Structures are given as C-alpha cells and as structure tokens.
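Accompanying notes for the structure given below.
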Amino acid sequence: MFNNYTETSLNYYPERCINCKRCTQVCPHGVFTEGKDRVELARPTSCMECGACALNCPVQAIEVQSGVGCAWAMISAALRGRDMDLGECGCCGTDCCVSSQESPGEEK
C-alpha cells in the first residue's frame, strides 16, 4: 500500500542521467544533489511531486506523477480560495505547507 508520508511517485533512473543538473536547479526541496558523474537522489521523501524535475530532464531519467502530493494540494486549495490544510496533502507540515499558511514577514 502507498504511504504518502514516506513514499512518492518519484522514480529516478541514474543510468540515463547525463549530469546536466537541471533537476538540482528546479527542485524546490533539494531532492537531487550534484554528484561526480550524475546527480544523486538525496532526499526522495522531500519530493512534493510538482513534476519540475521530470519536465526539465532532457533524457527522461526522472519520472514523477504530478497531480498528487503536496504541490497538488496547494494548487487545489488556491483554486478553491481556501487556506492550505496541513492534513490535506499528507506531507505533515513540511516547509511547503507551513510557508503557504504564513503571512508575509511572519516568522516560522
């Protein structure tokens, strides 16, 4: 069974990676880090499944099912004109949810 607290739909195929580092540049949560010969999947459970890494990978070394997870919950809440509920996305209070609820200038 899929556990959305620890698992994501992110799949990384390092053998396809050409070390362009685009995923490290577009990922808002630092899921990927620079490696010697290819990027490394450093924080897979931090993935909010926005799909930016997969969309920017020129060799399809990354697959992710966007439309699920934290990013989708944030977009859905905004479209409905509601504040983000921490329990709605299942990420349980990561920075992406907490910062979306704070007012500008408000400290965490």
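Which order results if ILE18, ILE62 are arranged by neighbouring Cβ count within 10 Å, fewest first?
The fewest-first ordering by Cβ neighbours comes to ILE18, ILE62.
I'd like the FRET efficiency for ASN56 and ARG80, computed as 1/(1 + (r/R0)^6) with the beta carbon distance as r and R0 of 22 Å, rounded to 0.05.
Plugging the Cβ-Cβ distance into 1/(1 + (r/R0)^6) gives 0.20.
If each residue's Cβ is checked for other Cβ atoms within 10 Å, how do THR33, THR8 rank with the fewest at the top?
Result, fewest neighbours first: THR33, THR8.
Each reported figure results from applying straightforward, stated rules to the coordinates on display, with no laboratory input. These numbers come from a predicted model, not from an experiment. Ideal geometry is used to build each Cβ from the backbone, glycine not excepted, and the neighbour counts take in all protein chains shown.
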